[in-house]
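Just below is one structure, and these are the notes that go with it.
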């Protein structure tokens, strides 16, 4: 079983819509969580860290549910520029991070 | 801002060649990583290093080696390139454990 699992999508949403992605992780010892964004043919870039109490950065909200071992990303008021692949990432305090394969989002006019 | 620099954006090599991919970071990070990314397979860890001259195998080390002679530089070596090593190669680094990784721009390597 893969350590981090995401629905690959694609999620096609109209501009202005709210969209949410979930990601599940298998290692209950995971301690740090992140969402990365990756544009086509580019490198992944950190979107936001995910804190236990949940956190918000503008239109983006991240949540962590340790009991059910999933993290979520909510995007409000979607923009065309939000179209990208979103990678869920977990760390179990080892040196390496575990990356999901990503969820593809396409925001349409 | 963290800067991770990979030596080439695009590289074309021939089967059997020895290929060097270089990565340099400017934030004095202890931990450096090499991944490859292929459609449908996501990011796969090849090797990582947590200190100078230290290296650890990742999930897919076969056909690759690495070198970390200086803290800021982590090199990936394809000993004898094969066509199945055509891929996007990404270098990343971070300082403290549980901190996010910062990626270089990536190298698109084609082996003909």
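Values in this text are rule-based calculations from the coordinates and carry no lab data. Please read all numbers here as calculations on a predicted model, not as lab measurements. Glycine also receives a Cβ, built like all others from the backbone with ideal geometry; neighbour counts cover every protein chain displayed.
Here is how the numbers come out for the structure above:
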| quantity | calculated |
| --- | --- |
| Against the rule of thumb 2.2 N^0.38 Å, how large the Cα Rg of the range B:33-88 comes out | 1.13 |
| Contact order normalised by residue count of chain B, Cα under 8 Å, 6+ apart, percent | 36 |
| Relative contact order of chain A, defined on C-alpha pairs under 8 angstrom at six or more residues apart (%) | 38 |
| Kirkwood Rh in Å, taken over all unlike Cα pairs in chain B | 13.9 |
| Share antiparallel - DSSP beta bridges, chain A, percent rounded to 5 | 90 |
| Scattering curve values for the range B:63-112, log₁₀ I(q)/I(0), Debye with Cα scatterers, q = 0.27 Å⁻¹ | -1.13 |
| Rg to Rh, two decimals, where the protein assembly as shown supplies the alpha carbon set and Rh follows Kirkwood | 0.98 |
| Rounded to 5, percent antiparallel among DSSP beta bridges of the protein assembly as shown | 90 |
| Fraction of antiparallel bridges per DSSP, chain B only, in percent to nearest 5 | 90 |
| Residue order, fewest to most surrounding Cβ atoms within 10 angstrom, among B:107, A:61, B:83 | B:83, A:61, B:107 |
| Three semi-axes of the equivalent ellipsoid, the range A:1-93, Cα gyration tensor, whole Å, largest first | 22, 15, 12 |
